[in-house]
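Notes follow once the structure below has been shown.
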Amino acid sequence: MVKLYELPELPYSYDALEPHISKEQLQIHHDKHHQAYVDAANGILKMMAEARDKGTDFDIKAKAKELSFNVSGHQLHKLFWNNMGPASEYGGEPTGKIAEYIDKTFGSFERFKKEFSQTAITTEGSGWAVLVMCKNTDRLFILQYEKHNVNLVPRWTPLLVLDVWEHAYYLDYKNVRPDFVEAFWNIINWDEVNKRLEGWLNCKI
Ligand code: MN
């Protein structure tokens, strides 16, 4: 029996991020789109296990690519749900270690906000804005993932991610992605970002 991926429950209710992300938008994003990546990844795992049992072949090159896409989609959505929270409790400027790194790298939170927003807004087609930290140079980087798995840096743990696929915002914001990106700043869970940064700094491999 193959161990499979599972769709996690959201850490808040479907309407918890309103008015920035509507209940309908969040529900379809989580229940339909995230679920689809989980199902697709599991389908490949099951197919591979079956082929190995039977000794039959499969298209290794195609499946490696599909697996990367779908598992990356699953992982990024898990990070995304957890780095957001209700605007009544979260949002605003960060505190703690991430705030220190933002000041050190970008000079100010405002400058960081501008660069991260521009990264999200200028992503061509479907992708993500992703904050990471380089331990070799002791600074933050903002990456622009294409799809879920292109233009990332191996081993660099995402600290903060923003999904700018149209499926993330189209019901609420139609084609106006910049308004969705601006709304995101109200619902960032900086506690979670700090937790990831601590984990990354303590990671020895
Ligand atoms: Mn998405």
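The table below gives the values:
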quantity	calculated
Any hit, the range 120-130, residues being in a loop (DSSP other than H, G, I, E, B), more than 16 Å from the ligand (Cβ to nearest atom) and either touching a residue at least 60 places away in the same chain (Cβ under 8 Å) or surrounded by 15 or more Cβ atoms within 10 Å (Cβ to Cβ) (or both)	no
Residue count, the range 180-205 (criterion: more than 13 Å from the chain's Cα centre (by Cα) and within 16 Å of the ligand (Cβ to nearest atom))	4
Any hit, the range 145-158, residues being open to solvent by 60 Å² or more (accessible area, probe 1.4 Å), at pLDDT 95 or above, part of a loop (DSSP other than H, G, I, E, B) and among the basic types (K, R)	yes
Which numbered condition V150 fails, given (1) within 16 Å of the ligand (Cβ to nearest atom); (2) touching a residue at least 24 places away in the same chain (Cβ under 8 Å); (3) β-branched (V, I, T)	(2)
Within the range 156-179, tally of residues that are more than 16 Å from the ligand (Cβ to nearest atom) and within 15 Å of the chain's Cα centre (by Cα)	3
Helices (runs of 4 or more DSSP H) (entirely within the range 14-100) containing at least 2 residues that are away from the ligand (no atom under 16 Å from the Cβ), open to solvent by 70 Å² or more (accessible area, probe 1.4 Å) and among the acidic types (D, E)	35-54
Those residues of the range 100-117 which are within 18 Å of P158 (Cβ to Cβ) and not aromatic (F, W, Y), in sequence order	I102, T105, K113, E115, S117
Residues being out of contact with any His (no Cβ under 7 Å at 6 or more places or on another chain) and surrounded by fewer than 22 Cβ atoms within 10 Å (Cβ to Cβ) - total across the range 162-180	12
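The values are calculated or read from the model by the stated rules, or taken from the named source; none is laboratory data. These numbers were taken from a predicted model, which means no experiment stands behind them. As a convention, Cβ positions derive from the backbone with ideal geometry for all residues, glycine included, and neighbour counts pool all protein chains shown. Protein only, heavy atoms only, side chains kept; ligands, DNA and RNA dropped before computing areas. Shrake-Rupley method; radii C 1.70, N 1.55, O 1.52, S 1.80 Å.
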